[in-house]
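In what follows, a single structure is set out as structure tokens and then discussed.
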Amino acid sequence: MARRHDPERRRRIIDAAIRVVGRSGIAGLSHRSVAAEADVPLGSTTYHFKTLDELMVAALRQANEGFAALLAARGGPEDSGTDLAAELAALMGAWLAGDRTGVELEYELYLAALRRPALRPVAAEWGDAVAEQLSGRTDPVTARALVALMDGILLQALLTGTPYDEAYARDVLGRVIPAG
């Protein structure tokens, strides 16, 4: 029997892994659960991703694209004539107002890097990319501080279940950004 060419299979497996983690958490992720979710043979998941860490790296990298796409759609924080704190607070609000499950999933995969060293470089990519974009508007140290603060604000909103307070975020972010 000839092998069927399926160029989208790898992407479908990653999408399935994201859905599994979204529904069952990291603990529910296995090659078998992903294969069932993607409706592919088990051998396909292990062919494309030898280990679960490889699969989680691919899922985290794809999940990271959500915030980057939102940032790019808004033109990034490049206009020096705008209030950077207000821009970032609005961006976080828009991200949380979208697919909140996607945001939760991204943070679950991000925090999984604490126990899975293979995830650490890709977990750092998000912060590095955002800090690099912010460095066009502020110094690199302040950019990293803003990324850390945004992470904290987003995690608190997710963990406590309280509504996102854009005015609070704008105020706190503004305190980190040097005047002038």
Pull out all pairs, ordered by first then second residue, where Cβ-Cβ is under 7 Å, the residues are six or more apart or on different chains, the first lies in the range 18-30 and is within 18 Å of Thr45 (Cα to Cα), and the second is among the small types (Gly, Ala, Ser) and buried (at least 16 other Cβ atoms within 10 Å of the Cβ).
Ile18/Ala59; Ile18/Ala63; Val20/Ser33; Val21/Ala59; Ile26/Ala112; Leu29/Ala17
For a quick check of your reading of the model, give me the residue pairs whose first member lies in the range 163-180 and is within 22 Å of Ser135 (Cα to Cα), whose second is modelled with pLDDT of 95 or more and of a type in the set (Lys, Arg), with beta-carbon atoms closer than 8 Å and at least 6 apart or on different chains.
none
Just one of the numbered conditions (1) in contact with a helix residue (DSSP H, G or I) (Cβ under 7 Å, 6 or more places away or on another chain); (2) surrounded by 13 or more Cβ atoms within 10 Å (Cβ to Cβ); (3) over 24 Å from Gly161 (Cβ atoms) is not true of Gly93; which one?
(3)
If Ile13 meets every condition in (1) in contact with a Phe, Trp or Tyr (Cβ under 8 Å, 6 or more places away or on another chain); (2) surrounded by fewer than 19 Cβ atoms within 10 Å (Cβ to Cβ) apart from one, which number is that one?
(2)
Can you tell me which residue in the range 32-69 is surrounded by the most Cβ atoms within 10 Å (Cβ to Cβ), limited to those that are over 11 Å from the mean Cα position of the chain (by Cα) and within 20 Å of Gly102 (Cβ to Cβ)?
Val34
Pairs, please: C-beta under 8 Å, at least 6 apart or cross-chain, first residue surrounded by 13 or more Cβ atoms within 10 Å (Cβ to Cβ) and in the range 98-124, second of a type in the set (D, E, K, R)?
Ala113/Arg120; Arg116/Asp53; Ala118/Asp53; Ala118/Glu54; Leu119/Asp53; Val122/Arg61
Any residue at all in the range 91-109 that's modelled with pLDDT of 90 or more and more than 28 Å from Val20 (Cα to Cα)?
no
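The values are calculated or read from the model by the stated rules, or taken from the named source; none is laboratory data. Note that the coordinates shown come from a computational prediction; the quantities given were computed from them, not determined experimentally. No Cβ is skipped: glycine too gets one built from the backbone with ideal geometry, and neighbour counts run over all protein chains shown.
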